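A.B. asks: Take a look at the following structure, please.
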Amino acid sequence: MLRNLIEQGYGEEEDLNCAEKILYGANQVYKLGLDKNSLRMASGFGGGMAIGSVCGGLTAAIMVLGILFVKNNAHESKKIKELTQELFENYREEMGEIHCDPLKARHRTNEIKCRNVIAKAAAALDTIVKREIGDPLAQILATEKP
C-alpha cells in the first residue's frame with residue numbers, strides 16, 4: 001500500500017517533503033479525492049514543521065486519519081484521538097522517536113534522505129487503515145472488475 005509506494009521513491013523526483021509524500025501518496029493509494037489545493041496543506045509540515053519537531057510524515061498521516069475517520073469534527077468521537085495515539089505509539093516503538101531532528105540524525109543518508117523514516121510512518125498508517133477499513137487497493141480492484 002502506501003509504504004510500498006514510499007519505498008519505491010515516490011515523490012523524490014518531484015522534490016516533495018516528507019509530509020507531502022505521505023499526503024500525496026495516501027491520496028493516490030487510498031483514493032481520498034483531494035485536489036491540488038488540499039494537498040498543499042502538507043507543505044509546511046516537512047522537516048518537523050521546519051523546526052525539527054514532530055516528523056512531517058507523522059503529521060501528514062494524522063491528516064489522512066482525519067480525512068478517513070472524522071465525519072464533521074474531532075469532538076464527535078474519540079476515534080481520531082485513539083487512532084492518532086496508536087499511530088504515534090507504533091511509530092515510536094519502531095523508530096525510538098517521533099521528532100524530526102533525532103530521526104534525521106539516526107536514519108537520514110545523503111543517498112536516500114529520509115525515505116526509510118517516511119516509509120515507517122506510511123507503514124504505521126497502512127496498519128491502521130487496513131484494520132479499520134480493509135485494504136483500499138483490493139476494494140478498488142474488486143469494484144473495477146467487469
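The values are calculated or read from the model by the stated rules, or taken from the named source; none is laboratory data. Computed from a predicted model, the values in this text were never measured in an experiment. Note that each Cβ is placed from the backbone with ideal geometry, even for glycine, and that neighbours are counted across all protein chains shown. The area values use the complete protein model at the heavy-atom level, side chains included, leaving out ligands, DNA and RNA. Shrake-Rupley method; radii C 1.70, N 1.55, O 1.52, S 1.80 Å.
A.B. asks: What does the charge count near Ile6 come to, summing +1 for each Lys or Arg and -1 for each Asp or Glu among other residues with Cβ under 14 Å from its Cβ?
C.D. replies: -1
A.B. asks: Let me ask another. Once the piece of chain linking Ala50 and Arg131 is laid out straight, how much longer is it, given 0.36 nm per residue of separation minus the C-alpha distance between them?
C.D. replies: 26.0 nm
A.B. asks: How big is the dipole moment of the chain about its Cα centre under a simple scheme where the beta carbon of each Lys and Arg is +1, that of each Asp and Glu is -1, and everything else is neutral? Debye, nearest 20, please.
C.D. replies: About 220 debye.
A.B. asks: Keeping the other protein chains in place, figure out the carbon and sulfur percent of the accessible area of the chain, with a 1.4 Å probe.
C.D. replies: Reported share for carbon and sulfur atoms: 49 percent.
A.B. asks: Contact order normalised by length for the chain, with contacts defined as Cα pairs under 8 Å and 6 or more residues apart; what percent is it?
C.D. replies: For the chain, the relative contact order is 28 percent.
A.B. asks: Provide the per residue accessible area, probe 1.4 Å, for the chain, rounded to a whole number of square angstrom.
C.D. replies: Values: 8240 Å² over 146 residues.
In whole numbers, the chain has 56 Å² accessible per residue.
A.B. asks: Within a Cβ distance under 13 Å of Leu34, other residues only, what is the Lys/Arg minus Asp/Glu net charge?
C.D. replies: +1
A.B. asks: Additional query: Once the dipole of the stretch 45-124 is set up with Lys and Arg at +1 and Asp and Glu at -1 on Cβ about the Cα centre, which of Phe45, Asn90, Ser77 lies farthest towards its positive end?
C.D. replies: The residue sitting most towards the positive pole is Phe45.
A.B. asks: Using 7 Å Cα-to-Cβ label points, what is the Ser77/Ser38 separation (nm, one decimal)?
C.D. replies: A separation of 1.7 nm, rounded to one decimal place.
A.B. asks: Quick one: Kirkwood hydrodynamic radius for the chain, alpha-carbon pairs, angstrom, one decimal?
C.D. replies: It is 15.4 Å.
A.B. asks: Would you please give the residues with an amide H less than 5 Å from that of His99, counting only those at least 5 places away or on a separate chain, with H modeled from the backbone geometry?
C.D. replies: Cys55
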